[in-house]
């Protein structure tokens with residue numbers, strides 16, 4: 001299970017999706033991918049910036065400013081060893097007067113030991129890494145490793161999960177900005193994405209343990 005629906009505003013025109021390190025075009029089922037950033041505004045007013053990629057067959061220069069994207073959440077490690085999260089679109093359509101939406105349902109194995117902590121304000125949070133497998137047209141497995149977080153009661157429950165547990169989660173894709181300072185004192189701003197879990201269920205079914213460093 002890996003289904004999401006994203007409704008929001010296109011931040012910039014679609015461009016060929018490339019590995020920023022090698023500048024190689026990213027492909028899916030033999031088709032080049034085009035990508036852009038979609039701005040999705042929460043009820044609180046915070047804007048999540050989500051990378052959306054579409055196969056070349058869906059690409060058109062006349063895509064409307066606001067769109068509905070249906071697809072799945074994917075990841076890949078680029079040549080700089082940076083984990084990139086993006087939505088691989090299965091369909092796109094004009095949004096018109098539809099409200100911004102950011103919904104994801106995902107199942108997969110917990111593939112790394114959970115990390116439980118408290119924020120400076122005392123909120124409980126658990127970090128998880130969930131492995132989800134999708135398949136290409138030839139039946140080859142395409143694993144994605146989804147960095148995820150959950151809060152409070154969900155965080156306390158998830159703290160006890162073990163590597164290999166099979167999980168069903170519902171939530172949204174969120175973005176956050178942080179600054180990194182290099183040795184010369186220069187600061188660079190980065191945007192990272194993760195899955196913010198609103199509901200999490202551990203299923204009892206036999207699963208071969210999966211690990212990911």
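Just so you know, all these numbers are worked out from the coordinates, no wet-lab data involved. Treat the numbers as computed from the prediction; the structure is a model and nothing was measured. With ideal geometry, Cβ positions are generated from the backbone for all residues, glycine too; neighbour counts draw on all protein chains shown.
For region 84-145, just say rounded, prolate or oblate: build the C-alpha gyration tensor, square-root its eigenvalues into a ≥ b ≥ c, call rounded for a/c under 1.5, and beyond that prolate if a/b exceeds b/c, oblate if not.
oblate
Report the FRET efficiency, 1/(1 + (r/R0)^6), for residue 12 and residue 119, where r is their Cβ-Cβ distance and R0 is 30 Å, rounded to 0.05.
For R0 = 30 Å, the calculated efficiency reads 0.40.
Classify the chain as rounded, prolate or oblate, taking a ≥ b ≥ c as the square roots of the eigenvalues of its Cα gyration tensor: rounded when a/c is under 1.5, otherwise prolate if a/b is larger than b/c and oblate if not.
rounded
Multiplying the sequence separation of residue 22 and residue 57 by 0.36 nm and subtracting their Cα-Cα distance, what value in nm do you get?
Computed gain between residue 22 and residue 57 is 10.2 nm.
222 nm [θ] for the chain, helices only, -39500 (n - 2.57) per DSSP H run of 4+, per residue, to 500?
-1000 deg cm²/dmol
Multiply the residue gap between residue 39 and residue 105 by 0.36 nm, knock off their C-alpha separation, and tell me the result in nm, one decimal place.
21.8 nm
Take the Cβ-Cβ distance between residue 5 and residue 183 as r, set R0 to 41 Å, and report the resulting FRET efficiency rounded to the nearest 0.05.
0.45
Put a dot 7 Å past each Cα toward the Cβ at residue 140 and residue 157; how far apart are the dots in nm?
According to this spin-label approximation, the distance is 3.8 nm.
With a point put 7 Å past each Cα toward its Cβ, work out how far residue 77 is from residue 93 in nm, to one decimal.
Label at residue 77, label at residue 93, 3.9 nm between them.
Along the principal axes of its C-alpha atoms, what lengths does region 1-44 span, in descending order and rounded to whole Å?
Answer, in whole Å and largest first: 38, 28, 17 Å.
Running Debye on region 2-98 with equal point scatterers at the Cα sites and no solvent, what base-10 log of I(q)/I(0) appears at q = 0.10, 0.15 Å⁻¹?
Here the Debye-derived log intensity ratios amount to -0.26, -0.58.
Can you pull the Kirkwood radius for region 105-203, inverse mean 1/r over Cα pairs, to one decimal in Å?
Result for region 105-203, one decimal place: 14.9 Å.
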